[in-house]
Amino acid sequence: MSTTTIDQGVTPDAVAPGGAVRTPRAQTASAPIPLTRLIGVELRKMFDTRSGFWLLASIVIMSVLATAALIIFAPDDQLTFDNFAAAIGAPMTVILPIIGILAVTSEWSQRSGLTTFTLVPHRGKVLGAKFIAALVVGLVAMLIALVVGTLGTLVGSAITGLDPVWNVSVDGFLSFTLGSVLGMMFGFTLGVLIRNSAGAIVAYFVYTLVLPPLLGLLAMSQDWFADLQPWVDYNLAQMALFEGGLSSEQWQQLAVSGTIWFLIPLVVGLVIVRRAEVK
């Protein structure tokens, strides 16, 4: 008499007619990639390309060169922390937005977007990781500026024999940091909206170099726009951050103009990226 033996761990439902054992299909579900890991990946991407590496390296290089130039050429009484911060911050207002642009557009310029969005289908999560990574770089850059500016002030004081002048308050430095980071985030917004490195960089320089004089001329010739300009000119509202503390009205102007030039374009760009075909 023949018998059918069922191994332990195999349920009767898994036995096919005739005694054959069905092999259940393996159901594998890939776990979602943590946001912290994505942020780490995006930070590494910023250093992987030659342009990205040298842009990040230029933050340190330009900070040191600006500090050295101030020590060598400025009068002794001008070797103050405020002047060192201004000298270091000037090149950063250009470098940081370009880093913000390339943090996004590299996916399209290097044609790595298809791989990235295949591995992580949630495009909003990828862009969120890029945003945080760019924010981290911006904050680290400002920390570097603080350290180099402090060293420059101490070295200048040692050379001249004068007491170091710490004429920047904590609120002033925080305002300066916020202005620099907002500039970088505006570059990020242009990258999301345009998704082309050259186009986004050109758009940034048009916004910073061409648009302000035109709006200034319009404000000079039209009284109605002179009152409106602080509420719609994001560049003008940002500049107040580099000049010290903001009044309540200036904070409101920054919020309104930032919504027009930063938040709305960013939302539009995010919608386009989430729906656009990546090639």
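Sorting 153-166, 116-129 by average packing, meaning the other beta carbons within 10 Å per residue, from highest down gives 116-129, 153-166.
Gain on full extension, evaluated as 0.36 nm per residue between Gln252 and Met220 minus their Cα-Cα distance, stands at 9.3 nm. Full extension of the chain segment joining Arg275 with Ile159 gains 35.8 nm, where the gain is 0.36 nm per residue of separation less the Cα-Cα distance. With the helix formula -39500 (n - 2.57) applied to DSSP H stretches of n ≥ 4, the chain reaches a computed 222 nm mean residue ellipticity of -23500 deg cm²/dmol. Where does helix 170-194 land angle-wise versus the long Cα axis of the chain, in degrees 0 to 90, nearest 10? It is inclined by approximately 50 degrees. Working note: Cα gyration tensor of the chain, eigenvalues times five, square-rooted, sorted largest first, giving semi-axes of 53, 26, 16 Å. Rg and Dmax over the alpha-carbon atoms of region 123-279 stand at 18.8, 63 Å.
Put a dot 7 Å past the Cα of Ala86, heading toward its Cβ, do the same for Trp166, and the two dots end up 2.1 nm apart. Over region 205-273, all Cα pairs binned in 10 Å intervals from 0 give whole-percent P(r) values of 20, 44, 30, 5, listed from short to long.
Calculated FRET efficiency, Ala31 to Ser51, Cβ-Cβ distance, R0 = 35 Å: about 0.55 to the nearest 0.05. Evaluate E = 1/(1 + (r/R0)^6) for Met239 and Val202, where r is the Cβ-Cβ distance and R0 equals 22 Å; express this FRET efficiency to the nearest 0.05. Result of the calculation: an efficiency of 0.55.
Computed from the C-beta positions of Leu151 and Leu178 and an R0 of 22 Å, the FRET efficiency is 0.40 to the nearest 0.05. Cα-based values for region 33-196, radius of gyration first and Dmax second, are 18.2, 61 Å.
Since every read-out is calculated from the coordinates, none of them should be taken as a lab result. What you see is a predicted model; the values in this text were computed from it and never measured. When we count neighbours, we look across all protein chains shown, and the Cβ atoms used for this are built from the backbone with ideal geometry, even at glycine.
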